[in-house]
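Here's the structure, in structure tokens; my notes come after.
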Amino acid sequence: MIDIHTHLWDWKDTPAYIEEYLTSRGYFGDKDGATFFSTKALLNAMDEAQIETSVVHPLRSESVQWIVSNEFIADVVKEAPDRLIGFAGVTPYSTDAVPELKHAIEDLGLRGLKLHPPMQMFNPGDALNFPVYEQMQSYGLPILFHTGSGPTQMSDRYSNPHLLDEVAVHFPNLKIMMAHAGRFLYQETLTMMRRHPNIYVDISATVGKATGYGLLLFLLVAMKEVVGNVDRVLFASDYPWYQPKQMLDLLKGAQEASKALPEPLHITDEDIRKITDTNARKVLNLK
């Protein structure tokens, strides 16, 4: 199994509002937050869920003075190169974005790009970002965009999945992943998935309060209804926000609940295999 979306950073460098957000919402339970921020902690969480490989993403934003460097991610991957894949981070509209990206991919060995439009305060469809997209398309490597609602300290202005329409139109061969499947903006997510075969979604943070898996069930069933399959849906935990086993249990809960629906809408074992493994291998160019 593959977890397409995890994070690690030096806990002491966490912005105060992010630390408050994580702790106040109970993401860490009764444990100290710092205990989650090591390669060993991530590997333990992966083992608990029987995850073979995880993709580790940086967070990069000069505007909020929070930069997890590409070198940091590369060093994390070196601690477990058989189990971890690293993605790069750049400020896409900056003049040095492409050279920095080339260094991250070609010299540091990172294998994708993570962009966070709300945190980095940019419109994904702005042509200023196109050189970065063109470079990633030439590599045949994916970009993971944050989409959907996030912490209230950040504006959702640039998190709407529809903003990726412009990207997909101009870069039809670029592998585009929408983190959190456009959380709470699922109509726009489904529209983008139906329009563009190069757009994928990850299921991290698709968590409700009633059954826990209600939103995830809705999303997967709607995907089968609107798109016709789940071939571009990717398992993701967004560790440390959520634990891999927690998200895997919610996925299994959604599968069980789908049995009450008409058979074409059942989430099958084959669907689960695609979501947790096969689809990610295609995106990441893995065998």
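When only residues in region 35-56 that are outside any loop (DSSP other than H, G, I, E, B) and farther than 23 Å from A88 by Cα count, which is farthest from the chain's Cα centre (by Cα)? Full working, then the answer.
Quick first cut of region 35-56, residues outside any loop (DSSP other than H, G, I, E, B) only: 35-36, 39-49, 53-56.
If we keep only those that are farther than 23 Å from A88 by Cα as well, we get 35, 44, 47-49.
Values: T35: 22, N44: 20, D47: 20, E48: 20, A49: 18 Å.
Going through the qualifying residues, I end up with T35.
For region 244-260, give me the residue count where each residue is surrounded by fewer than 20 Cβ atoms within 10 Å (Cβ to Cβ) and in contact (Cβ under 8 Å) with a residue 40 or more places away in the chain. Spell out the reasoning first.
If we filter region 244-260 for residues that are surrounded by fewer than 20 Cβ atoms within 10 Å (Cβ to Cβ), which is where we start, we get 245-246, 249, 252-253, 256-257, 259-260.
Pick out the ones that are also in contact (Cβ under 8 Å) with a residue 40 or more places away in the chain and you get 245, 253, 257.
Qualifying residue count, region 244-260: 3.
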Within region 39-58, is even one residue β-branched (V, I, T) and open to solvent by 50 Å² or more (accessible area, probe 1.4 Å)?
no
Across region 18-34, which residue is most open to solvent (accessible area, probe 1.4 Å) among those that are acidic (D, E) and not in a helix (DSSP H, G or I)?
D30
Only one of (1) open to solvent by 40 Å² or more (accessible area, probe 1.4 Å); (2) under 17 Å from the mean Cα position of the chain (by Cα); (3) farther than 29 Å from S38 by Cβ is not met by L128, so which one is it?
(2)
For region 131-185, the count of residues that are touching a Phe, Trp or Tyr at 6+ places or on another chain (Cβ under 8 Å), open to solvent by less than 20 Å² (accessible area, probe 1.4 Å) and within 15 Å of H5 (Cβ to Cβ) equals 8
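Quick check on this structure: which one of E106, E188 is over 21 Å from N285 (Cβ atoms) and open to solvent by 10 Å² or more (accessible area, probe 1.4 Å)?
Values: E106 fails: over 21 Å from N285 (Cβ atoms).
Just a single option satisfies the conditions, and that option is E188.
The values are calculated or read from the model by the stated rules, or taken from the named source; none is laboratory data. Keep in mind the model is a prediction, meaning the values are calculated, not measured. Quick reminder, even Gly has a Cβ in these numbers, built from the backbone with ideal geometry, and neighbours come from all protein chains shown. The area values use the complete protein model at the heavy-atom level, side chains included, leaving out ligands, DNA and RNA. Shrake-Rupley method; radii C 1.70, N 1.55, O 1.52, S 1.80 Å.
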